[in-house]
Each structure stands twice: as C-alpha cells, then as structure tokens.
Amino acid sequence: MSTKRNILVFGLGLGLTLLAGWVAFPRVLYVQKQQPLEFRHKTHAEKSGMAECSQCHALRDDGTFAGIPAMETCAGCHSEKMGTSKAEAILVDTYIKPGQETPWLVYARQPANVWFSHAIHVKRANLACAECHSTYGETDEVRVYAQDRISGYSRDIWGHSMSRLRRAPHEGMKMSDCEDCHRRHNLEVGCLGCHK
Amino acid sequence: MKLTRRDLLWGVAGTAGLLVTPVPWKLLDDVSIWSQNWPWIPQPARGPVEVKQSFCTLCPNGCGMRVRMASGWPVGVAGVASHPVSRGALCPLGFGAHQLNWHPRRLRTVRHRASSSSWEAARVAFAKACSEGPIAIIDGYPGRAASSVFETFVQKRNGSYRTVPGPETLALAPYESWSGVPAAGLGYDLENAQTIVSFGAPLLDGWATPGRFTRLWAERAAGSTDPQLRLIQVEASLSRTAARAWQWVPVHAGSEVALAEGVARVLLEERLVPARGPMPPMTLAEAAEQTGLSTGAIVDLARTMVARLPVVAIANDDNPAIAALNVVLGAAGARGGIVRRSKHAESYASAEADVESARAVLIDSTVPWDFAPPTNAEVFRFAAWDGGTGTSDWLLPAPGFLEDLTDVPTAPASAIATYAVAPSLLKAPPEVQSAAQFLGGIDPALITVEKIIHTRCADLFRGRAGTLQGQETTSVAKVASVQKLEEQLWKGAVWIDEPPRSAAFRCELKEWPATVGSAPAMSSSENWSKAWRAPVLPPLASKLYLESSLREPPDRRNV
C-alpha cells in the first residue's frame, strides 16, 4: 500500500471518528423533550408587571428557595382562562382546575447529594439570576429540554458546548463550574460546603 | 481473521480520533453520575424542602440541630449557631445522624435469644418478671421525661432506677461525696476560667458538648502564643487536643494521679494557694518517677497553673485525686471552676450498684451498647441499632433518630441549666417502640412522655425565670401563656435558666483521697474512646472520622 493510500485510510478513519464524536454522539446522547406547557417569561414580565424573577421564584422566610412556583401561584391569575391560546387552555383545564402541579422539566436540577443555597448566592454574594441561568428569563420561548440518556440530567448541567471549552460564564452547572466561580471570587469551600 | 495494515490504520485513526472527541470523557462523566442514581440507592423524594429546628439525641449533650427535610424526610443536618451551649457545632456522628435510620444494622424485629419474637411475647415476659421479683431499669440520659416514666414504674414495683453516667458526670462524682451536691447539679465554668489543666480529657476532640469548648478555645486561645485561655493538656500521647494545647505535658500512661498529687504537694509546700491541706501522701520524687517528668517540671507546672487565675483541672473520669487538686486550687465552688448550676438536681445511683439481685433488668436505648449490667437477671435491652455481640435475653427495636419525642435536659458539665424539646420529626416504623411506650403497655396508668413534657413546660412558665432562646431571645416572664412557651420549645427554642445567685458550694476535704489500686490498665484517653464508641456509624460519620482523626481509636495513635 502506498504512503498516500495509508494517509488516506488514516485520514478517513480519523475524519469519520471525529464526525461521529462531535456530531452524531451528542444527537444520540441527548433526547429532546418538550415542556408540558408553552410559557412566556417575557410576556409575564412586560404585560403582567412581573419583572423580578423573585416574584415567582421566591425565597421562603427560612431562606430556602421555592424553585418553580406551585400551581396555586399560577392560579392567582389563571383561575379562569385569560386568553384563547392552546397553552392557556391546557394550563387551566389540565392543571389548575384539577389542582395538579405542572410537571415542568427543570433545566438546573442537581443530584440529591448537592446542597445549594440560592439565598447565599443571591443575597450575600449579590449574584444576578442570569449569571447562572443566562437570559432565559427574558425570552419568549420555551427551550427544548435536552435530557442526557445516561445520567438523566439536563444538557444545561454539562453546558451546550460538548468540549466545555470557551463556554460562556453562565454555561454549565457541574461541580467544576461551581469550583471555578468560587476560585474566581476567592471563596474556597470544602466538600461539606455542598455535600452535607 | 487476518489483521491487515489497513485494519491497523483504521484502528489507530479511530482511537486517535475518539480521544479528541467528547465521547470518552462525557461517557466517563455520565456513567459516574448514573452509578450514583442506581435504583437501589436511597434518594430523597422530590418535593418541598424545609428546615426544622431540633436537637441531637444521640448523646445527652443535646446539641442544637437544623434538620433539612425534603418531602418530610431528613436529608441533611447542620448546627445551630444560636444554641447557647453547642454554638453551632456538631460531632461527626451528629453530622451524619440523618443517615442512621437507613443503617443496615437498624433493628426492626423483636429478638429473644437470637430468635425472632414479638412485642406481645416480650410484654408477657417482662410483666411476669415484674410479678416474680424486683426489677431494675437502667437509663443512659437521666432527667428526661422518659426517665420520669422509668422512675415511676420502678417505684410502684419496689424496683430500682439506675443510670450509666458519662465520663463528664463521672469526673464530677467526687465532689458529690465531699459537698453533698449531686454531681448532676454541677458543671464547669469554663467561660470564666483563665487556665484549664486537662488530665487526658479530650477537650478539643468532642469532650462534653463538642461546640462549647472548641468555640471558646477558638475565640480566646487559638493561634496566640500568650492566649487569654491557657490550655494545659496532661496526656501520654500527642492527641489532637495535646497537639493544639498551649502546653502539652507528656506523662507515662496512667500516671495522672501521681502528677495531681505531685502538683498539689508543690502548691501546698510553696504556699502558692490559700489552702493549707490536706497534704497528698506522695512525695515529689515519687511523683516524678511515676510520671516520667523531672521534679523541676512538676514544680514549673504547679507555678504555671496558678500564674493566671481562675484555674480548673478537668479529669477524664471518676478521679478523686484530680478532684482533690481542684479543692486545693480553690476551684471547687468558685467562679471559673466547678460551679453549682441548679438547686434541684437529683442524685442518681450508678448501674454498677445492686442490680445483681434483680429478677429482670430493662436497659433503655440511651445506654451505650457496650454496657453489660453486672447481673444474671433476664435482660431486656432496647436499641435502635444492633451493635454486634450482645448478651441480652431480649433485644427490642427502639425508635431511631428523630423518630421519638423526647426532652433535652441540661447537658453534663454545663454551667447553666437548660431545657429543650426534640419533637419526633419522623413517624417511627410500626415495628419499633420506645422503652417508655413499652412500660405504658404494661402499666396503662403511667403518665406519657408527652404529658410529662407538658407539665415541665407549665412548671417553667410558672417559675417565670430564665429566657427562651430561639430565633429571638425572650424572657419567660414576658411569655403570654404556657401554650406559647410550649409552642416555642417545640419549634426549637431553648430555655436557659438564670445564673444561680451563688454558684458556690462548700467542699470539705479532710484527708487526701486514697488511690484505688495501682495504675489503671488503660490510659484515661483510652477509657474515653471506649465510653464514647457508637454502636454503628453512618457513612458520612465514618468518612469524617477517617479524614479528621476525630476520636481516633487508641491503637492508631502515636504514643
């Protein structure tokens, strides 16, 4: 076999593997899931005057984070249909009237062995929500939830970039991302800081 | 199959290509996370997360705890910084306590001589024993509402109530015989001491309420060459406390009594203290020979001890010579020494005394697993976890961590009286019972733990003394009703008594206490490790022990 042919075979093999690893692998690894409802952050902020994230994603009196608001919060305004959209009908008929919680797929959900305090990060460190959650709260679309078939967690945890190189500050919520941010702020915490 | 050059090139190219794709690294990461989420690994239910205040009930110190609950299940534990005694600290066992209820050695069935049995059979057997002869009940944490149930039960049957005192209470026992004040009513006024001489007591390794001394030491001594609080550690090995103390006095194992006598002799002969006797029988030379120190070192130690007053010596167990040294130093009944915290404390008989004549002995789950009563009677032992080899006739499953309502009386060695209520945050499994519930099944006329706690709250309200320390500090005199007081206590507040008008007590030492036997077989620090050992450990506690060397077993120490 000539050298040229050897290079060709090697290059072809390399190219196919790279293509499989960078293009096909993410498509196979992540399953695309739709949220149960179409929700518009921007519309709520602009038309309903709910401009602050904390108006729905509140901290409780004891400092714990309430996360995605419970159905009773939504029912405060949507006890009856407020429009003719399909999402509005699903919200009221499927969830609010029967008293069912909406099974939102949480992009930032962490494993159960992680303890994270929103209160410390928001109140003491004055971090803006967007520093970890990006500007999702300003958009008017519901992102597709990409779920890792093996770990079961959202793609937001690893970050959109498969290489995790040159990613934006808000991208990724892995332990190393927490550590990097803490290091940048000269705040080293031990294992028990998060794994209590 | 023949391997061709082309195959080889494909393989090399594929491997090289694979290594510069995210495939291996992402798969490695995913598989590690996947392995953490296998279906047989307990996971807290997803649901609202709340934090509840409670108290650790794994030992009598009752440290304040914030319990993080997810969907009603405890998933994490942290200290309460506002707790007046524990001050935010917990020991490794406390930090992992929420895992204990899932421990594989959790007891869930009644056992009779290694065979499976039933609660009914145990009740019948105990009732029969009660009718046939005297019974004894052994309690690990006296002073609780459950302790009152035990005392009432044995009083009605002419039985005996016995306790297994911890090392801190044992160390205070000699003063009881010299002053008449019950050891349970005495405590160490560490907050006002300037010099503390510890004879093997692991003050920085979880002695008494772990946070009390460690916080004090951090505030007044840590990192200073001339600290406000001088800690002198007398110990054979370089323990964690010895390594961090202001001064470590290495002595031969078991020679603490000799050193106490040698120091007392110097104090009296050189008139370094106002006391004039009694003189210990041991000469300075004999003390030096036994301890391995020079006579000069003992003289220097005595002078250092009184250089900054008040000074108090802390023994690791029932050691009359070290108690006598405190009397010579003037620390017994004085500010910064050993003080009387309450006038209402009771005196308890130790479980070592006269249980051998009992027909049956009931051991509460608060008694350390290693304790074996000196008796041939039928033994009914309550325990939440099986600690391994045991000699009990009956093994009765008790409620686990946070599964039983209990109150938390004053911690041993505390200088102030406190009271708290640890509600049951978890529903106990139907197959477990506390000893108080078991006795209630035999004698329905017994008052329940809940009613006794209610009565105690009413007594506190009527007393109008002290403060309630919760999220806010409120004087009991300003609490509107007993219901309000009880409500606050159930939510995690601690009642703190007012400091006694006079913490002094008179301690008469007519002659120097005789040394019992020769040098002890085990060093005092070894005794401590043995007395403290938990029957089982949750994984988090095991990790903390391993990584922090806290309460390391004696065989791992460098002597």
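Any read-out appearing in this document is the output of simple, stated calculations on the displayed coordinates, not a laboratory observation. Just so it is clear, the model here is predicted, and its values are computed rather than measured. Positions of Cβ are backbone-derived with ideal geometry, glycine not excepted, and every protein chain shown enters the neighbour counts.
Would you kindly state how much longer the chain becomes between B:Ala477 and B:Asp300 on full extension, computed as 0.36 nm times their sequence separation minus their alpha carbon distance, in nm to one decimal?
58.7 nm
In percent, how large is the relative contact order of chain A, given Cα pairs closer than 8 Å and 6 or more residues apart?
After rounding, I find 26 percent.
For the stretch A:58-196, what is the charge dipole size about the Cα centre, in debye to the nearest 20, if Lys and Arg each add +1 at the Cβ and Asp and Glu each add -1 at the Cβ?
So the dipole magnitude of the stretch A:58-196 works out to roughly 460 debye.
Distance in nm between label sites at A:Glu52 and A:Thr94, each 7 Å beyond Cα in the beta-carbon direction?
So the label points at A:Glu52 and A:Thr94 sit 3.2 nm apart.
What number comes out for the charge environment of A:Cys181, summing +1 per Lys or Arg and -1 per Asp or Glu over other residues with Cβ under 13 Å away?
It works out to a net charge of -2.
Any idea which of B:Leu267, B:Thr375, A:Gly15 is furthest toward the positive side of the dipole for the protein assembly as shown, if Lys and Arg beta-carbons carry +1 and Asp and Glu beta-carbons -1?
The residue sitting farthest along the positive end of the dipole is A:Gly15.
Suppose every Lys and Arg Cβ carries +1 and every Asp and Glu Cβ carries -1, with no other charges. What dipole size does the stretch B:92-202 come out with about its Cα centre, to the nearest 20 debye?
Magnitude of the dipole: close to 860 debye.
What residues of the stretch A:92-117 lie in the reach of a label at A:Arg40, counting those whose backbone N is under 15 Å from a point 7 Å from the Cα along Cα→Cβ?
none
Work out the FRET efficiency for A:Ile150 and B:Glu191 from their Cβ-Cβ distance, taking R0 = 41 Å, and round it to the nearest 0.05.
0.15
For B:Lys2, A:Lys174, what ranking results if the residue with the fewest other Cβ atoms within 10 Å of its Cβ goes first?
Ranking B:Lys2, A:Lys174 by Cβ neighbours within 10 Å, fewest first, gives B:Lys2, A:Lys174.
Modelled label-to-label distance, B:Leu8 and B:Ile442, 7 Å Cα→beta-carbon offset: nm?
Between B:Leu8 and B:Ile442, the label points sit 8.4 nm apart.
Using 7 Å Cα-to-Cβ label points, what is the A:Ala128/B:Ala465 separation (nm, one decimal)?
5.9 nm
If each residue's Cβ is checked for other Cβ atoms within 10 Å, how do B:Lys478, B:Lys543 rank with the fewest at the top?
B:Lys478, B:Lys543
Determine the relative contact order of the stretch B:85-169: mean sequence separation of Cα pairs under 8 Å and six or more apart, normalised by residue count, in whole percent.
Taking the mean separation of contacting Cα pairs over the length of the stretch B:85-169, I get 21 percent.
Quick one: which residues, 5 or more positions from B:Leu231 or on another chain, have an amide H under 5 Å from its amide H? H modelled 1.01 Å from N in the peptide plane, none for Pro or chain starts.
It is B:Ile196, B:Trp246, B:Gln247, by chain and number.
Scan around B:Gly200 for amide H atoms under 5 Å from its own, H built in the peptide plane at 1.01 Å from N, and keep only partners 5 or more places away or cross-chain.
B:Val234
Go through B:Lys2/B:Lys26; B:Lys427/B:Lys543; A:Lys47/A:Lys174; B:Lys427/B:Lys451; A:Lys174/B:Lys427; A:Lys47/A:Lys81 and tell me which ones have a Cα-Cα distance over 25 Å in this structure.
B:Lys2/B:Lys26; B:Lys427/B:Lys543; A:Lys47/A:Lys174; A:Lys174/B:Lys427
Around A:Gln147, with a cut-off of 10 angstrom between Cβ atoms, what is the net charge of the other residues, counting Lys and Arg +1 and Asp and Glu -1?
Net charge around A:Gln147: +2.
What length, rounded to one decimal in nm, is gained on full extension from A:Glu101 through to A:Ile68, with 0.36 nm per residue of separation minus their alpha-carbon distance?
10.8 nm
Nothing charged except the Cβ atoms of Lys and Arg (+1) and of Asp and Glu (-1): what's the magnitude of the dipole of the stretch B:251-396 about its Cα centre? Round to the nearest 20 debye.
For the stretch B:251-396, the charge dipole is close to 980 debye.
How charged is the neighbourhood of B:Asp443? Take every other residue with its Cβ under 15 Å from the Cβ of B:Asp443, and add Lys/Arg as +1 and Asp/Glu as -1.
Here the count lands on +4.
Hand me the trypsin sites (Lys or Arg not before Pro) from the stretch A:75-163 located in a DSSP loop with no more than 15 other Cβ atoms within 10 Å, in residue order please.
Those satisfying the criteria are A:Lys81, A:Arg143, A:Arg149.
Suppose R0 equals 25 Å. What FRET efficiency, 1/(1 + (r/R0)^6) with r the Cβ-Cβ distance, do B:Ser357 and B:Ala127 give to the nearest 0.05?
0.80
Which one, B:Leu402, B:Ala45, B:Ala173, is farthest towards the positive end of the dipole of the protein assembly as shown when Lys and Arg carry +1 and Asp and Glu -1 on their Cβ?
B:Ala45
What shape does the stretch B:202-356 take by its C-alpha gyration tensor, where a ≥ b ≥ c are the square roots of the eigenvalues and a/c under 1.5 counts as rounded, a/b above b/c as prolate, and the rest as oblate?
Rounded shape, in that the Cα axes give a/c under 1.5.
Charges on Cβ only, +1 for Lys and Arg, -1 for Asp and Glu, centred on the Cα centroid of the protein assembly as shown; of B:Ala360, B:Gln437, A:Ile90, which one is farthest towards the dipole's positive end?
My answer, from the dipole projection, is A:Ile90.
Return B:Leu259, A:Leu19, B:Leu170 ranked ascending by Cβ neighbour count within 10 Å, so the fewest neighbours appear first.
Going from least to most buried by this count: A:Leu19, B:Leu170, B:Leu259.
Please express the Cα-Cα pair-distance distribution P(r) of the protein assembly as shown as a list of whole percents, one per 20 Å bin, running from 0 to the bin with the greatest distance.
For the protein assembly as shown, the binned pair fractions read 14, 38, 30, 15, 4, 0 percent.
If I take R0 = 41 Å and measure r between the Cβ atoms of B:Asp226 and B:Ser502 in this structure, what FRET efficiency does the formula 1/(1 + (r/R0)^6) give, to the nearest 0.05?
The pair B:Asp226/B:Ser502 has a calculated efficiency of 0.80.
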